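Trainee: Submitted below is the structure of interest, expressed as structure tokens.
The values are calculated or read from the model by the stated rules, or taken from the named source; none is laboratory data. As the structure is a computational prediction, the values presented were derived from the model and not from experiment. Here the Cβ positions follow ideal geometry from the backbone for every residue, glycine too, while neighbour counts run over all protein chains shown.
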Amino acid sequence: MSGRVIVITSGKGGVGKTTASANIGVALAQTGVSVAMVDMDIGLRNLDILMGLENRVVYNLVDVIEERCKLRQALVKDKRLPNLCLLPAAQTRDKTAVNADQMKTLCNELKTLFDYVIVDSPAGIESGFQNAVAGAEEAVVITTPEMSAVRDADRIIGLLEARKDEISQYRLVLNRIRPSMVKTNDMMSVDDVLEILSIKLLGVVPEDEGIIVSTNKGEPIAGTDNTRSGLAFRNIARRLRGEDVPLMDLDELNQGWLNKVVKFFNPARA
Amino acid sequence: MQVLNWFFQRKNESVRTKAKDRMRLMLIHDRLELPADRLSSLEEELIAVVSRYFDIDRETTRFDLQQYERRAALIANFPLLRSKC
């Protein structure tokens with residue numbers, strides 16, 4: 001088997017990188033393929049919490065690299081999906097515990113065991129990021145429509161471009177879109193961000209308080225039905241698998257009765 | 001009246017447009033690693049060079065940074081009044 005190694009990255013912290021990694025991992029696994037998630041945020045481990053697997057972590061990525069255990073021993077199986085595994089980061093070490101060559105070797109081994117390897121990159125553009133992209137062939141850049149996040153995403157796109165030989169494609173996930181604010185022209189739209197960054201779109205995830213609830217429960221929202229952000233992540237997973245899935249209509253999310261009345265009187269506002 | 005405005009008029013696009021314009025200009029500078037004041041000294045030099053050959057209309061001379069995919073272009077417009085020969 002030769003799986004695909006996809007790194008999830010953003011530049012700026014706090015834009016939803018780890019949340020996206022967890023949800024993309026779960027959504028991919030739900031389509032039936034085998035998935036390994038790798039937490040590369042060494043020293044600031046979080047992916048295990050989002051997956052609700054923090055109590056099951058025995059060994060970690062640095063233990064595997066330093067040969068204190070076998071890869072299979074360090075992989076933590078998901079509670080619900082038997083075809084989904086997590087390779088946790090070390091919490092008591094730092095980014096210097098791993099180098100790019102070791103990461104490449106690790107990803108190559110994971111590729112032989114899984115259809116998809118999802119690597120959650122740390123924030124920043126330094127060694128942690130460089131190591132996270134070292135073994136990857138594809139990248140997903142996460143940003144929110146805020147100016148500081150878009151600026152950092154642009155920096156990351158520049159760095160990915162410089163690795164054209166290894167990274168065959170990179171696409172954007174625009175996270176935490178607030179359709180109501182775009183509609184009143186108080187924030188940049190999806191098209192604005194795409195035009196400025198000149199990058200292909202993989203998906204749009206609307207702002208959703210349900211994400212906080214799902215994190216607190218340790219159950220990624222993509223695994224539960226009836227949430228728009230969960231559906232957005234499931235669509236992203238299907239697009240990663242090559243399916244042509246149309247973008248969800250963000251305007252639909254705002255259609256309260258008052259909006260419908262306004263729209264009736266003035267279609268331009270809609 | 002306020003309510004009617006809210007109902008019938010499109011809200012102005014200032015915040016969104018401003019964010020987009022600032023963003024575009026910032027990223028052009030970032031990508032070129034261009035310090036903020038560098039362009040104005042280039043513009044002065046360009047005006048000086050063109051002025052050796054032509055009288056130009058300084059009032060309507062324009063410089064504009066435009067984005068093409070992930071590349072930038074500097075568009076200069078010198079309205080020429082007469083040649084200096």
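Trainee: Checking A:N254 against (1) within 14 Å of another protein chain (Cβ to nearest Cβ); (2) at pLDDT below 90, which test does it fail?
Mentor: Going through the list (1) within 14 Å of another protein chain (Cβ to nearest Cβ); (2) at pLDDT below 90, A:N254 breaks only (1).
Trainee: Quick one: in the stretch A:175-194, which of the residues that are of a type outside the set (A, V, I, L, M, F, W, C), in contact with a helix residue (DSSP H, G or I) (Cβ under 8 Å, 6 or more places away or on another chain) and more than 8 Å from chain B (Cβ to nearest Cβ) is farthest from A:T18 (Cα to Cα)? Don't jump to the end; show me each part of the working.
Mentor: So in the stretch A:175-194, the residues of a type outside the set (A, V, I, L, M, F, W, C) come out as A:175-176, A:178-180, A:183-186, A:189, A:191-192.
Filter again for in contact with a helix residue (DSSP H, G or I) (Cβ under 8 Å, 6 or more places away or on another chain), leaving A:175, A:179-180, A:183, A:185-186, A:189, A:192.
Cutting the leftovers down to more than 8 Å from chain B (Cβ to nearest Cβ) gives us A:175, A:179-180, A:183.
Details: A:N175: 12, A:P179: 23, A:S180: 25, A:K183: 28 Å.
Checking each candidate, the answer is A:K183.
Trainee: Quick check on this structure: which one of A:L159, A:L110, A:L172 is in contact with a Phe, Trp or Tyr (Cβ under 8 Å, 6 or more places away or on another chain), more than 11 Å from chain B (Cβ to nearest Cβ) and among the hydrophobic types (A, V, I, L, M, F, W, C)? Spell out the reasoning first.
Mentor: Values: A:L110 fails: in contact with a Phe, Trp or Tyr (Cβ under 8 Å, 6 or more places away or on another chain); A:L172 fails: in contact with a Phe, Trp or Tyr (Cβ under 8 Å, 6 or more places away or on another chain).
From the options A:L159, A:L110, A:L172, the qualifying one is A:L159.
Trainee: Has the stretch A:46-64 got any residue that is assigned to a loop (DSSP other than H, G, I, E, B) and within 16 Å of A:E109 (Cα to Cα)? Lay out the reasoning, then the answer.
Mentor: First pass over the stretch A:46-64, keeping only residues assigned to a loop (DSSP other than H, G, I, E, B): A:46, A:51-53, A:57-60.
Those still in the list that are within 16 Å of A:E109 (Cα to Cα) too: A:60.
Scanning the stretch A:46-64, I find at least one residue that is assigned to a loop (DSSP other than H, G, I, E, B) and within 16 Å of A:E109 (Cα to Cα), so the answer is yes.
Trainee: Do you know which residues across the stretch A:152-170 are within 26 Å of B:T17 (Cβ to Cβ) and touching a residue at least 12 places away in the same chain (Cβ under 8 Å)?
Mentor: A:D152, A:A153, A:D154, A:R155, A:I156, A:I157
Trainee: Show me the strands (runs of 3 or more DSSP E) found entirely inside the stretch B:36-85 where at least 1 residues are over 17 Å from the mean Cα position of the chain (by Cα) and either loosely packed, with under 11 Cβ neighbours inside 10 Å or touching a residue at least 24 places away in the same chain (Cβ under 8 Å) (or both).
Mentor: Numbers: elements: B:54-56, B:62-68, B:71-77, B:80-83.
Output list reads B:54-56, B:80-83.
Trainee: Could you give me the residue pairs with C-beta distances under 6 Å whose first residue belongs to the stretch A:34-52 and is among the hydroxyl-bearing types (S, T, Y), whose second residue is at pLDDT 95 or above and surrounded by fewer than 21 Cβ atoms within 10 Å (Cβ to Cβ) wherever it lies, and which are 6+ apart or on separate chains?
Mentor: Note: pairs meeting the criteria are A:S34/A:N83; A:S34/A:D115.
Trainee: Here's another thing I want to ask about it. Can you find a residue in the stretch A:112-127 that is within 30 Å of A:N83 (Cα to Cα) and without any contact (Cβ under 8 Å) to a residue 60 or more places away in the chain? Let's see the steps before the verdict.
Mentor: In the first step, residues of the stretch A:112-127 are kept if they are within 30 Å of A:N83 (Cα to Cα); the result is A:112-123.
Restricting the remaining residues to those that are without any contact (Cβ under 8 Å) to a residue 60 or more places away in the chain gives none.
No, the stretch A:112-127 has no match at all.
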